[in-house]
Amino acid sequence: SVFIIFLALFVTCSFVMFSRLSLTLAALSRGVSTSAQNNARVAVLGASGGIGQPLSLLLKNSPLVSNLTLYDIAHTPGVAADLSHIETRAKVTGFIGPEQLPESLKDAEVVVIPAGVPRKPGMTRDDLFNTNATIVANLTEACAKHCPEAMICIIANPVNSTIPITSEVFKKHDVFNPNHIFGVTTLDIVRANTFIAELKGLDPARVNVPVIGGHAGKTIIPVISQCTPKVEFPQDQLEALTGRIQEAGTEVVKAKAGAGSATLSMAYAGARFVFSLLDAMNGKEGVIECAFVRSEETACPYFSTPLLLGKNGIEKNLGMGKLSAFEEKLVSEAMDELKASIKKGEDFVKGRK
């Protein structure tokens, strides 16, 4: 009868709708987004190195990334083949050598640059300058030519100089957008959160400390007075904690005794920043991360402060906020070194043919 036919159609339609809903929920529960927005193309330049490999692994594991391109001067096809066996949806492709660099950047929305030589015992970040400055200038020149609208995330040290280098390269190609260029200082925040949590017996995942200034030695300024949750330390302990955060990179270099610098923690911190940026680009509101960027917050043309991220990169620079007298002194003491590092980066590009 007509009623039986109608009932059969109703049951069939209901089953199809339920099946589709189940598939959607299953996909979401596995962390695989069904949204077209979560289809970011991310390029890692320096993907075969000590930071590049674990960073690429973390990016491959993210549902935010659909296409991951890996570039380096050696071993990248092997790294890409290795990662491609992992059961996540991001498609991984390896590119090797300068002739393949343009192709690795095609349609990239976010470019992460951990390329460069690591620090060894006794080396300062400045000792790395000439080698890493040349590497960053060459790679960012390719970015300016082949993906000028991409978000550029610089990990290569010394960040206090490599960000001015990146900006000057983009200016030379008339594609400079200060809202798209980030010096990744997230490791300083990660360390500050961890060290404070250890001292206070807190869950480090629930601790958040802004770190402002730069990304080397005394230019690293943890704003412990603005820590969430609120914490207090006697002055001598505060000074010791601040010093440990500032020299934490050297702590790792010494502990590795010639085997490299901070790679695993830096890969984690770099991935954290990229995920925050991708979330913001996808429309998530209230995403805040510190980064070393073009700034008018101080007398330095570049300065790290908390940033509100959005679809177009930096939506708003949130500034330093209220500082304690101790923190104001740290900022004052950092300015000369920061200005010198910035000028060194700018002069390097001006001196290149």
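For the reader, a short list of remarks on this structure follows.
- Scan of region 48-80 for residues that are open to solvent by 50 Å² or more (accessible area, probe 1.4 Å) and assigned to a helix (DSSP H, G or I), ordered by number: Gln53, Leu57, Leu58, Pro77
- Of residues in region 82-130 being of a type in the set (Lys, Arg) and closer than 30 Å to Ser341 by Cα, the one modelled with the highest pLDDT: Lys120
- Test: residue in region 163-178 that is over 25 Å from Met335 (Cα atoms), more than 19 Å from the chain's Cα centre (by Cα), open to solvent by 50 Å² or more (accessible area, probe 1.4 Å) and free of Cβ contacts under 8 Å to residues at least 24 places away in the same chain: yes
- Residue match in region 207-218 (condition: within 30 Å of Asp336 (Cβ to Cβ) and part of a helix (DSSP H, G or I)): yes
- Among the residues making up region 81-100, none is open to solvent by less than 20 Å² (accessible area, probe 1.4 Å), part of a helix (DSSP H, G or I) and closer than 19 Å to Cys147 by Cβ.
- Flag for Thr263 being open to solvent by 30 Å² or more (accessible area, probe 1.4 Å), more than 14 Å from Leu199 (Cα to Cα) and among the hydroxyl-bearing types (Ser, Thr, Tyr): no
- Qualifying positions in region 194-206 - open to solvent by 10 Å² or more (accessible area, probe 1.4 Å) and either aromatic (Phe, Trp, Tyr) or in a helix (DSSP H, G or I) (or both): Thr194, Phe195, Glu198, Leu199, Lys200, Pro204, Ala205, Arg206
- Identity of the residue in region 282-315, of a type in the set (Asp, Glu) and within 18 Å of Ile342 (Cα to Cα), that ends up least open to solvent (accessible area, probe 1.4 Å): Glu297
The values are calculated or read from the model by the stated rules, or taken from the named source; none is laboratory data. This one's a predicted model, so the numbers in the text were calculated from it and none came from an experiment. Cβ: placed from backbone, ideal geometry, glycine included. Neighbour counts: every protein chain shown. For accessibility, only protein heavy atoms count, side chains too; no ligands or nucleic acids. Shrake-Rupley method; radii C 1.70, N 1.55, O 1.52, S 1.80 Å.
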